[in-house]
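Enquirer: Mind looking over this structure? Questions follow.
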Amino acid sequence: MELRRIGQILWKWLWLIILGAVLAGGTAYVISMRSTPIYRASTQILIQQNSNPAAPQWTDVLTSERLAANYAQLLTTRPILEKVAESVGLPAIDSRIIVDPVRETQLIALHVEDPNPALATAIANEVPQVFIDVNDAQKASRFDSSLEAFDEQISRVERDIQTLQEELIAFDVRESNGEELSFNEMARRISLETSLAQYQASLSDIWRRRDEVSRQSALSGDTVTVVESAIQPTVPVRPRVLLNTALAAALGALLMTAMAFLIEYLDDTIKLPVDASRVTGLPALGSLVRLPNGGERQLIAHTNPKSPFSEAYRTLRTNIQFSSLDKPVETLMVTSASPGEGKSTTIANLAVVIAQTGKRTILVDSDLRRPVLHQVFRVPNAVGVTSALLQPEGSDLSPFLQSTEVENLRLMTSGPQPPNPSELLGSRRMTALVQDLADHADVLVFDSPPTLAVTDAAVLARCMDGVLLVVESAKTREGAVRLAAQELAKVNASVLGVVVNRISSRLAGSHYYYYDYYEEKSEGDDSSSGDGDRQGDLDQGWSSESGKAPAGGFVTSRLRRPGSSVQDV
C-alpha cells in the first residue's frame, strides 16, 4: 500500500517533475552552449630513480613513486611557470594546469586547459622541458662543488710533486758533473724521493676518488623523461553539453520529486473518501467527481440523468437509505465545514435523484445568510423560509413552495434575509415548520450554512433525522472536518456520514476511468442506457422497507464500458 501511495504521488505530480527536468535541463543546455569551449593538451612524464641495474630493489620503485608525487607539486611552482611563460612569450600563465600522478606508477599526467588549443599544447610541452632543464642544472650544481674541491687538491699535490722533482733533478745534475754529494745531501735526496713517492700515490688516490664521484654523478640522481608529448586537441573537453543537460535534468527532476513529497507531507487536506472516514470516524457515503468543464451548480441529475455523474448521486442516495434501516431518514440536512465546498450543488442533485424515485420531496434552503438554491433552480427568492416562519402554526404553506422542472420536487427558498438567522432556525416555530412541511412531503432535504462558520447548522441539526457532511477534495483540511464532526456530535446530531465532493479524475486515478470515457461520448449515445434505470430500480422506495442492504453495507455505482463486464466504481 505504501508503494501504491508513492506511485499515486508521483503520478499526481508528474507534471511538476517533468517541468523541473525540462527547466533545469534547458537552462544547463543554454549555459553550456554559450560557454567558451576549453581544450585540453596532455603530456606523460616518467620519474625514475637511478639505482643498481643489476639488482633493483622494491624500495627503489616505492621511492620513485614518492618522487613522482613530490615532482607533481614542483611542476607548478612559480619559478617553473615564470620560465615557461618567458619561453612561450607570455607575461604570465593563465591556463589551468592540472598535474595528476598516476596511482601505483612512476608516471605523471600533465594537463593544460585553455581556450586556445595551440597555446595549451605549447605550454603542455614546455612545462616538462623547463622542469627537466632546471632539475639537471640543480643536479649538476650539486656535483660541481665536489669536483672543484678535488681539482684544488690535485693542483696543490701536483705543485708539490713538481717542487720535489726539481730538487731531485738538481741533485742528479750535480752527480752527472762528477760532484760528490755530502752525507746530508744524500739523506736529503732520499727524503725527497720518499716524499715524491708519497705525493704521487696521494695524487693517484685523489684522481681515483674524483673519477668515482664523476661516475656517481652520472649514475645517481633522478631522471625526468617525457614519455608522451602533447598534441594539439581538436575537440574541447568543456562544456560537455549532453552530459551537463542530462545531469541538470536528472537533478531538476529529483529536486521536484523531493518538493512534491514535501508538499504531500505538509498537505493535510482531505482528498479521497478514505481520508474523510479516517479523520472523522464516520462512514464515507459517496464520492463525487468534479463536474466537467468547471460546471458548478448544475442540476446534472436532471439535465443528464444517465451520466455517471448522476449515477454518483444515486449511489449517495442509496447509501443514505441503507445507513439508517431502522429509522428511515425523512428529514435530511446537508452541511459542510467551510463555505464553498459544493454542498448546495450536492443537495440540489441529491434532492433531484430522491424525487426521481417517486417520493414527494421538498428542498428547503435554510441557509438564511448566503442562499443559492434559488439560483440553481432559477426561481425567485421573494418568499420562503423566513416568510413561512412569520405565519401562525398550521398555516397553508403552499404559497411558499415553488414547483421545479423536476417531477415530485418542490423548493422552499430562504426568503428575505433576516437579521437573526440563528435565533430563527433554533426557534420553536422552526421546529413546527419542519413538522408542517413533513405533512406535505415524504422527504425533506435542508440546505444549511457551514458548520464552522456559524452556529446555524448545529442549531438546525437537532431536529433532523440525519445530517450529511460534505467535504471538498484537496481543499478542506483535516482539522476543519474533524472539528465540524465534533461540533455536530456536541448537539447529538445524527450524522449519517461524509461525502467527498469535487474529486479530480487525476487524483482519483483509474478508479474513475468511466468518467473520462463518458466525456468522450455524445450526449445521445445509447451505450450507457439502462444504468440509471437499474440504479433507480435498486433505490425504489426511499424507506428501508424496500429491501435489504448489500453485504458491504453500502451500494457502489456499477458502470460499464461497451463490450466489457460490469465494474464497481
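Enquirer: Quick test for you: out of ILE47, ILE6, ILE17, pick the one residue that is open to solvent by less than 80 Å² (accessible area, probe 1.4 Å) and at pLDDT 95 or above. Give the derivation first.
Expert: Values: ILE47 fails: at pLDDT 95 or above; ILE6 fails: at pLDDT 95 or above.
Exactly one of ILE47, ILE6, ILE17 is open to solvent by less than 80 Å² (accessible area, probe 1.4 Å) and at pLDDT 95 or above, namely ILE17.
Enquirer: Also, I was wondering about something else. Residue by residue through the range 118-138, note down the ones that are open to solvent by 40 Å² or more (accessible area, probe 1.4 Å), in contact with a strand residue (DSSP E or B) (Cβ under 9 Å, 6 or more places away or on another chain) and modelled with pLDDT under 90.
Expert: Correct list: ASP136 only.
Enquirer: Next up: Among the candidates GLN138, GLN200, single out the residue that is within 60 Å of the chain's Cα centre (by Cα) and assigned to a helix (DSSP H, G or I).
Expert: Working: GLN200 fails: within 60 Å of the chain's Cα centre (by Cα).
The unique qualifying residue is GLN138.
Enquirer: Report, ordered by the first and then the second residue, all pairs with beta carbons closer than 7 Å, sequence separation of six or more or different chains, a first member in the range 7-27 that is more than 16 Å from ALA249 (Cβ to Cβ), and a second member that is not acidic (Asp, Glu).
Expert: Hits for this filter: GLN8/GLY509; ILE9/ALA260; ILE9/PHE261; LYS12/ARG506; LYS12/LEU507; TRP13/ALA260.
Enquirer: What's the total number of residues in the range 24-43 that are loosely packed, with under 14 Cβ neighbours inside 10 Å and either in contact with a helix residue (DSSP H, G or I) (Cβ under 8 Å, 6 or more places away or on another chain) or part of a helix (DSSP H, G or I) (or both)? I'd like the intermediate steps shown before the answer.
Expert: Filtering the range 24-43 for residues loosely packed, with under 14 Cβ neighbours inside 10 Å gives 30, 33-37.
From what's left, either in contact with a helix residue (DSSP H, G or I) (Cβ under 8 Å, 6 or more places away or on another chain) or part of a helix (DSSP H, G or I) (or both): 30, 33-34.
Within the range 24-43, residues that are loosely packed, with under 14 Cβ neighbours inside 10 Å and either in contact with a helix residue (DSSP H, G or I) (Cβ under 8 Å, 6 or more places away or on another chain) or part of a helix (DSSP H, G or I) (or both) number 3.
Enquirer: Among (1) open to solvent by less than 50 Å² (accessible area, probe 1.4 Å); (2) touching a helix residue (DSSP H, G or I) at 6+ places or on another chain (Cβ under 8 Å); (3) not in a helix (DSSP H, G or I), where does ILE231 come up short?
Expert: Here ILE231 clears every test but (1).
Enquirer: Still on this model: So, of the residues in the range 389-423 that are surrounded by 21 or more Cβ atoms within 10 Å (Cβ to Cβ) and in contact with an Asp or Glu (Cβ under 9 Å, 6 or more places away or on another chain), which turns out to be nearest to GLN375 (Cα to Cα)?
Expert: Once the filter is applied, the top-ranked residue is THR413.
Enquirer: Considering only the range 485-496, state which residues are in a loop (DSSP other than H, G, I, E, B) and among the β-branched types (Val, Ile, Thr). Lay out the reasoning, then the answer.
Expert: Filtering the range 485-496 for residues in a loop (DSSP other than H, G, I, E, B) gives 491-494.
Within the range 485-496, VAL491 is the sole residue that qualifies.
Enquirer: Can you spot a residue in the range 107-127 that is touching a residue at least 40 places away in the same chain (Cβ under 8 Å) and part of a loop (DSSP other than H, G, I, E, B)?
Expert: Among the residues of the range 107-127, at least one is touching a residue at least 40 places away in the same chain (Cβ under 8 Å) and part of a loop (DSSP other than H, G, I, E, B), which makes the answer yes.
Enquirer: Sticking with this structure for a sec: If ILE300 passes every condition in (1) in contact (Cβ under 8 Å) with a residue 60 or more places away in the chain; (2) farther than 28 Å from ILE9 by Cα but one, which one does it miss?
Expert: Status for ILE300: all satisfied but (1).
Enquirer: Test of understanding: among GLU193, GLU185, GLU228, GLU167, which residue is of a type in the set (Asp, Glu) and under 30 Å from THR36 (Cα atoms)?
Expert: Selected residue: GLU228, the only one of GLU193, GLU185, GLU228, GLU167 that is of a type in the set (Asp, Glu) and under 30 Å from THR36 (Cα atoms).
Enquirer: Still on this structure: Name every residue in the range 455-484 that is assigned to a loop (DSSP other than H, G, I, E, B), touching a residue at least 60 places away in the same chain (Cβ under 8 Å) and closer than 25 Å to GLU330 by Cβ, in order of residue number.
Expert: Here is the first cut: in the range 455-484, the residues assigned to a loop (DSSP other than H, G, I, E, B) are 455, 462-465, 473-476.
Going one step further and asking which of them are touching a residue at least 60 places away in the same chain (Cβ under 8 Å), we end up with 463-465, 473-476.
Passing the criteria: CYS463, MET464, ASP465.
Enquirer: Of the residues in the range 348-370, how many are over 19 Å from THR303 (Cα atoms), open to solvent by 30 Å² or more (accessible area, probe 1.4 Å) and under 51 Å from the mean Cα position of the chain (by Cα)?
Expert: Summing the residues that are over 19 Å from THR303 (Cα atoms), open to solvent by 30 Å² or more (accessible area, probe 1.4 Å) and under 51 Å from the mean Cα position of the chain (by Cα) in the range 348-370 gives 2.
Enquirer: Can you find even one residue in the range 327-341 that is open to solvent by less than 20 Å² (accessible area, probe 1.4 Å) and out of contact with any Ser or Thr (no Cβ under 9 Å at 6 or more places or on another chain)?
Expert: Initially, the range 327-341 is screened for residues open to solvent by less than 20 Å² (accessible area, probe 1.4 Å), giving 329, 331-337, 341.
Going one step further and asking which of them are out of contact with any Ser or Thr (no Cβ under 9 Å at 6 or more places or on another chain), we end up with 331-332.
Yes, because at least one residue in the range 327-341 is open to solvent by less than 20 Å² (accessible area, probe 1.4 Å) and out of contact with any Ser or Thr (no Cβ under 9 Å at 6 or more places or on another chain).
The values are calculated or read from the model by the stated rules, or taken from the named source; none is laboratory data. Being a predicted model, the structure only gives us computed values, none of them experimental. Note that we place each Cβ from the backbone using ideal geometry, even for glycine, and neighbour counts take in every protein chain shown. Accessible surface areas use protein heavy atoms only, side chains included; no ligands, DNA or RNA. Shrake-Rupley method; radii C 1.70, N 1.55, O 1.52, S 1.80 Å.
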